[in-house]
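A.B. asks: This is the structure, below, for whatever I ask next.
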There are 6 protein chains.
Amino acid sequence: MRLLVINPNISEDVTRLIEREALRSAAPATEVVLATARHGFEYIETRFESLVAAGAVAELVAEHHGQVDGVLVAAFGDPGIPALKEISDVPLMGITEAALCAAALQGQRIAVVAISDRITPWYRDCIDRFGLGSRVVSIRSIKEALGGIGAVQDDFQDVLVDLAGAAVREDGADVVILAGAPLAGLARNVRGLIPVPVVDGIAAGVRMLEAVCGLDGGGHRAGSFAAPPPKPRRMLPPALDAALATLQKGAR
Amino acid sequence: MRLLVINPNISEDVTRLIEREALRSAAPATEVVLATARHGFEYIETRFESLVAAGAVAELVAEHHGQVDGVLVAAFGDPGIPALKEISDVPLMGITEAALCAAALQGQRIAVVAISDRITPWYRDCIDRFGLGSRVVSIRSIKEALGGIGAVQDDFQDVLVDLAGAAVREDGADVVILAGAPLAGLARNVRGLIPVPVVDGIAAGVRMLEAVCGLDGGGHRAGSFAAPPPKPRRMLPPALDAALATLQKGAR
Amino acid sequence: MRLLVINPNISEDVTRLIEREALRSAAPATEVVLATARHGFEYIETRFESLVAAGAVAELVAEHHGQVDGVLVAAFGDPGIPALKEISDVPLMGITEAALCAAALQGQRIAVVAISDRITPWYRDCIDRFGLGSRVVSIRSIKEALGGIGAVQDDFQDVLVDLAGAAVREDGADVVILAGAPLAGLARNVRGLIPVPVVDGIAAGVRMLEAVCGLDGGGHRAGSFAAPPPKPRRMLPPALDAALATLQKGAR
Amino acid sequence: MRLLVINPNISEDVTRLIEREALRSAAPATEVVLATARHGFEYIETRFESLVAAGAVAELVAEHHGQVDGVLVAAFGDPGIPALKEISDVPLMGITEAALCAAALQGQRIAVVAISDRITPWYRDCIDRFGLGSRVVSIRSIKEALGGIGAVQDDFQDVLVDLAGAAVREDGADVVILAGAPLAGLARNVRGLIPVPVVDGIAAGVRMLEAVCGLDGGGHRAGSFAAPPPKPRRMLPPALDAALATLQKGAR
Amino acid sequence: MRLLVINPNISEDVTRLIEREALRSAAPATEVVLATARHGFEYIETRFESLVAAGAVAELVAEHHGQVDGVLVAAFGDPGIPALKEISDVPLMGITEAALCAAALQGQRIAVVAISDRITPWYRDCIDRFGLGSRVVSIRSIKEALGGIGAVQDDFQDVLVDLAGAAVREDGADVVILAGAPLAGLARNVRGLIPVPVVDGIAAGVRMLEAVCGLDGGGHRAGSFAAPPPKPRRMLPPALDAALATLQKGAR
Amino acid sequence: MRLLVINPNISEDVTRLIEREALRSAAPATEVVLATARHGFEYIETRFESLVAAGAVAELVAEHHGQVDGVLVAAFGDPGIPALKEISDVPLMGITEAALCAAALQGQRIAVVAISDRITPWYRDCIDRFGLGSRVVSIRSIKEALGGIGAVQDDFQDVLVDLAGAAVREDGADVVILAGAPLAGLARNVRGLIPVPVVDGIAAGVRMLEAVCGLDGGGHRAGSFAAPPPKPRRMLPPALDAALATLQKGAR
């Protein structure tokens, strides 16, 4: 199984964090292909930054069309999800939806721990869209300014553990998601410090994607995730244009 | 008051329909500036087409930054909303949210009449995101293939009126939205044929935007629609890059 | 365009506040007609007071039947809404629903600032009924006893600004509604002190009513806001009785 | 125990139906006092008719203040509920909320059978307000014109039984409410014809009111159903004015 | 009327508390039969303990099949509800659903006061399942370790009253439920100390059950609470096996 | 990895169907241990049958305590979930929650195809409890009587495919779950006949359980899924008693 894992942001250091955790999580037979957004932001905190990232991800998805068995969009907040599912004929998912499922299968009340305050409304939008908003009891976040994005999990490990603990004690959380690709791998280090199951977005994403790919339940030849119906279009990035053409041919 | 009205699609004939209705709806003192997406699709039926359109709209918003008093995104389904609000220091809204408000102020149960079946899940997403999903009792749609997008309202007027009538009789609708920029202006012609108030997306968009601009309640210097916080970025379209820089300076 | 703006309470000084803001908000071509409830309370804090006010408003609506192009019920909490829409053949709305729409078009998370603690459950009922309860993150209120109702905005300006600020900082509000006719006009004075858009109920009411009247989408000849079907009735106020008779004739 | 049962409508023949069922349902030690609205409509089908009825009920509640141990508002749709609870220092409830509770305690999915199509949106509003909207799977109604309101249950018995049967078969209802005071007593006659428990609004109202009165859990000295705080008022019906004065004295 | 009141737990001292309040609450003509779970826990705090209790209750329900007119499951959290309704041909209810109805008929916003922190997620599940989750504003609980379960109401009376008071002041509760059979009878002692109506689960259970039994609206011959359809089964407790056989015969 | 897969019903032929699909779905390194309920029903259609099954499953879970790395409860409707999670110190999940996650990660609107009409309300309860009720657009079911439960998928393959097709065409489903252990393995045979992804409950259960076990995020030492706090208990099945004792020791 060959999985494309896309960092929707331009931060190569976060790509390396993602890669490390993806490789540790993937099954022996799984090959992981990493890609990093060519344009966009260092990380996503807002709805607009997410929109820009979604465009960058779309190009990467299209460029890998036909070459992979599944695609993981590796930024919490799931930029471009669910729209991007329409342009993939293999399972494509975001790490938020994967993490939410992994959490919901372990506990009733879910808490999310996030790296910045500004990021939380976008997360809430994403969670509500997925339909599990009633299960998420809190999104707690670091309040201080971040240094380098690739160092967040080191700089703020104690703060993040404290936020998780507070979510358990005060919000009644049964399970905690450490949200955001910059925290990839942190769960392994801190799970002993948090008294409920901890979910790592990247790990959950890789494993859930493997699971869904493995189900092999067939593609979208109908419904709202089938390829967009053919119609005049103009000036799309060439790979995207080509992928759409291929998909639309397949859908007939 | 100077309003930018953006057709998120590449269809110039729909831009002309939009323009005609926008001019009829705008107050005497309002100046309407039209813009058409330079890349993208002839019209939007799917979540992915909407995502592409959102990118095209973002560029146009940025290009007109500082030159207009309000922005209307003139495709039902509100591509890029609410993300685009972050990059505008004047009110910016979509015609779906405007039409929903215009409808909700007139009746309790709202029906939407749409131009294609495939379009309806995307509309439902958009309506639910706005928070008025509990008020929308049905989305009824044309089931036949469309001819030219600019001619839909002429080709299917009877069908559309029948769909509206069925929504009133069978779904208990108190008000009907004729959804989609290609139907701009149709409400004026058919309101006598439909026994409840009819809402035209473009007309509602222009008038609601005038209303909100007129309120002049101040901008977003805090909260989740303030300008995205400065952080490294790369290879954004130049106008967008410039607009972000200006906004971030202003936010300080 | 001729708009009837009704103060559902007996407080003439609040009527003057409403009038002043309505005149400042209305378009040049709009004529504003003010009316004050002849019976009822100085202001509304409870569901029962709202019920009494609704009866008083109904009489005023009926007395002006056929003489105006739109009606605004100018008390937050929308006494008599949506019932009163059935006895008006022109658009009739409340300032809460208008303010909610104006707010929802500007931000995702809405806060309401209110003049008394007791008033908040009634507001919550009204907001939930309109269907935008999921968007309203908090209703914060003055906790101290009020002096004269006409002086609330002067006596408590600092408190109200502080409540708005707390709603932004602690509740994550993107937009704030200053609720209640006694606060009419306050938004103009304080918008610089609040870092998100501020919505004035009266201003929003006038402008949203103008917008909906301007849409001119047709009346309710069917659905749940059509005139009540004729049936025996007894001892209604004469104007109401006459208005019902006229409406029922028109509906045939 | 002395219970006031109010017909919110002017229809004396419906009052007699209500009385007959109330007497059959009441415990031996319960005294039932009937009252009929002095002004208003023959029956309520719309939100506005309900608003008028609420005013008429308020006067009757006030006139009996201090003389009864509980009050039942005997029209489905619960005119004036919950506002009227503020002006009663004994339990006061509507037959819809009582019937919903009686139904919800017997089955998961509730169907409502109603006497007219126009009546159903008002019922839906009332059900949603009470908070059990998710339990009500359908409101089915007579589609034909009614003859005399007091004869509906005789004229349409077969139709009503058929509607109940369809609700069970097609909507998956576990329990059926025969809604509306004009149907008082019908459940006794038809329960053998309907394969799930049948709830009569008047019978449920009397028994639920007896139950709540019997609980004797104390009144509302705080919270949103305490008496409205004193403030200037003008020209209320004298009994209402007197009741308010008494309540406000008691609340101190 | 003969009512079976089941303590789902093995605690005989709580059975005595239940009995005392049940006898005080029941109508003169009502006979109350008490039963105590033969296996299980001293009291229920968790979902699993509730599951075990549900099994114990099922046996007791079956053993009394045909001998009583109604069944009350007397533990807050309603173990086995709604499943147990399928094996009873007389009304069967839990004290949570009864208390919620009694509360919802008196106030809009309901608070629950509970005996332990761990118990609250189970209560929340139960409340949400019943469909009145939107009405319950808080569940407040004793934070200290309990002594003997039969003495909780004596040991913690002041704490419980304080929790109720805080629910009114801080959560805006209009009515308070003292939750849990160990608190049976407490409401009578403390209602003067709490400024809103107080609901006792056992008292509400007995009175609501009397009310529903009295309605006599017919049984479940169809729908999801009819007897389970016959199919092979093995090794059920003999009384349960016999009751199922009888019910399935009756359903034909 | 060693997974315990429990058939909550007494039907050995269904256990064989489960086993076959579990083995085909499991990763090479996964060992699958099957267990069949010793008491209960041939299959579960109702809430009560599910309650009985939950008790039987609890015993099996306890008997395997400490011997497996994860537990799958292999009946749609998830008998005993979430309660049983409290008595397992390894991940334990039901096939409904697993299938819902697998479906929600592939499409927005989910349809469920079920083997009997009576089964659907129980499924709806389970889906709503999990929190994804808003995503499930329909539960369609076989209407005819079943022959042997082990032969349902053969006897009704065409009917089931037609139900799935109707869910896509008429309900707008993006993904279809073939629900119920008796349908284990059917998805492999029919996926080409259904134009959207098809989810098999057993396959999804095995793969999701592998994924969550693999995450290894730590256990529940706090929150509502920690072991039930120690308290007097009586006459539990010995294995259950022992497992509880062990868990409670571990939790300290």
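A.B. asks: On average, how many beta carbons from a partner chain sit within 10 Å of the beta carbon of a residue in C:107-117?
C.D. replies: 3
A.B. asks: Right, something else. Need one value: the accessible area of F:Trp122 in square angstrom, 1.4 angstrom probe, rounded to the nearest 10.
C.D. replies: About 20 Å², rounded to the nearest 10.
A.B. asks: Given the protein assembly as shown, what percent of its DSSP beta bridges are antiparallel, to the nearest 5?
C.D. replies: So the antiparallel bridges amount to about 5 percent of the total.
A.B. asks: How much net charge surrounds E:Asn189 when only the other residues with a Cβ under 14 Å from the Cβ of E:Asn189 are counted, with Lys and Arg +1 and Asp and Glu -1?
C.D. replies: Charge balance near E:Asn189 sits at -2.
A.B. asks: Using only protein heavy atoms and a 1.4 angstrom probe, determine the accessible area buried between F and A, summed over both sides, in Å² to the nearest 100.
C.D. replies: 3800
A.B. asks: What number comes out for the charge environment of B:Ile149, summing +1 per Lys or Arg and -1 per Asp or Glu over other residues with Cβ under 13 Å away?
C.D. replies: -4
A.B. asks: Now for a different question. Near the amide H of C:Ala75, under 5 Å away, which other amide H atoms are found, from residues 5 or more places off or on another chain, if H is placed in the peptide plane?
C.D. replies: Here the answer is C:Ile95, since their amide H atoms fall under 5 Å of that of C:Ala75.
A.B. asks: Okay, next question. Please compute, for peptide A:124-136, the average count of beta-carbon atoms on other protein chains lying within 10 Å of each residue's beta-carbon.
C.D. replies: 4
A.B. asks: Sticking with this one: What residue of chain A sits with its beta carbon nearest the rotation axis taking A to B, and at what distance in whole Å?
C.D. replies: That would be A:Gly55, 2, residue then distance in Å.
A.B. asks: Okay, moving on. Provide the per-residue ³J(HN,Hα) series for region A:172-189, in order, calculated from phi with Karplus coefficients 6.51, -1.76, 1.60 and θ = phi - 60°, each as a whole number of Hz, with x at glycine and proline positions.
C.D. replies: Calculated HN-Hα couplings, in order: x, 5, 9, 7, 10, 9, 8, 9, x, 4, x, 9, 3, x, 4, 3, 4, 7 Hz.
A.B. asks: Another question, if that's okay. With only Lys, Arg, Asp and Glu charged, each at its Cβ (+1 for the first two, -1 for the last two), find how big the charge dipole of region E:196-245 is about the Cα centre; round to the nearest 20 debye.
C.D. replies: It works out to roughly 360 debye.
A.B. asks: Follow-up question, since we're still on this one. Would you compute, from DSSP H runs of 4+ residues alone, the mean residue ellipticity of the protein assembly as shown at 222 nm, taking -39500 (n - 2.57) per run and dividing by the full residue count, rounded to the nearest 500?
C.D. replies: The helix contribution divided over the protein assembly as shown gives -13000 deg cm²/dmol.
A.B. asks: Taking amide H positions as placed 1.01 Å from N in the peptide plane, with prolines and chain starts having none, which residues 5 or more places from C:Val196, or on another chain, fall under 5 Å of its amide H?
C.D. replies: The list, which skips near neighbours in sequence, is B:Arg221.
A.B. asks: Non-local amide H neighbours of D:Val112 (under 5 Å, H modeled in plane, Pro and chain starts lacking H): which ones?
C.D. replies: Those qualifying (amide H under 5 Å, at least 5 residues apart or on another chain) are D:Ser138, D:Ile139, D:Arg140, D:Ile177.
A.B. asks: Let me ask something else. Using only alpha-carbon positions, what ratio does the radius of gyration of the protein assembly as shown give when scaled by 2.2 N^0.38 Å?
C.D. replies: The reported ratio for this selection is 0.88.
A.B. asks: Related question: For A:Gln157, place a label point 7 Å out from Cα along the Cα→Cβ vector, do the same in each other copy, and report the separations in nm, one decimal, smallest first.
C.D. replies: Distances to the matching label points in the other copies: 5.4, 5.4, 5.6, 7.2, 8.0 nm.
A.B. asks: Per residue, how large is the accessible surface of the protein assembly as shown? Use a 1.4 angstrom probe and give square angstrom.
C.D. replies: Here the residues of the protein assembly as shown average 30 Å² of exposed surface.
A.B. asks: Please tell me which of these pairs span more than 25 angstrom C-alpha to C-alpha: A:Lys231/B:Lys143; C:Lys143/D:Lys249; B:Lys85/C:Lys85; F:Lys85/F:Lys231; E:Lys85/F:Lys231?
C.D. replies: With Cα atoms farther than 25 Å apart: B:Lys85/C:Lys85; E:Lys85/F:Lys231.
A.B. asks: If I compute solvent accessible area with a 1.4 Å probe over the protein chains, what percent of it on chain F is carbon and sulfur?
C.D. replies: Here carbon and sulfur together make up 49 percent of the probe-accessible area.
A.B. asks: Oh, and also: Mean separation of Cα pairs under 8 Å and 6+ residues apart, divided by the residue count of region D:1-92: what relative contact order is that in percent?
C.D. replies: 37
A.B. asks: Another question, if that's okay. Please report, for A:Leu193, the nm distances (one decimal) from its label point, 7 Å out from Cα along the beta-carbon direction, to the equivalent points in the remaining copies, shortest first.
C.D. replies: 4.3, 4.3, 5.5, 6.8, 7.1
A.B. asks: Under the convention of a label 7 Å out along Cα→Cβ, give the distances in nm from B:Pro237 to the same position in every other copy, shortest first.
C.D. replies: Nearest to farthest, the other copies are at 1.4, 5.6, 6.5, 6.5, 7.1 nm.
A.B. asks: On average, how many beta carbons from a partner chain sit within 10 Å of the beta carbon of a residue in B:83-91?
C.D. replies: Mean partner shielding for this stretch: 4.
A.B. asks: In a shell of Cβ-Cβ distance under 14 Å around B:Ala35, excluding B:Ala35 itself, what net charge do Lys and Arg (+1) and Asp and Glu (-1) give?
C.D. replies: Here the count lands on -2.
The values are calculated or read from the model by the stated rules, or taken from the named source; none is laboratory data. Every value quoted in this text rests on a predicted model; they were computed, and no experiment measured them. FYI the Cβ positions are ideal-geometry reconstructions off the backbone, even for glycines, and counts take in every protein chain you see. Surface areas here come from the heavy atoms of the whole protein model, side chains and all, with no ligands, DNA or RNA. Shrake-Rupley method; radii C 1.70, N 1.55, O 1.52, S 1.80 Å.
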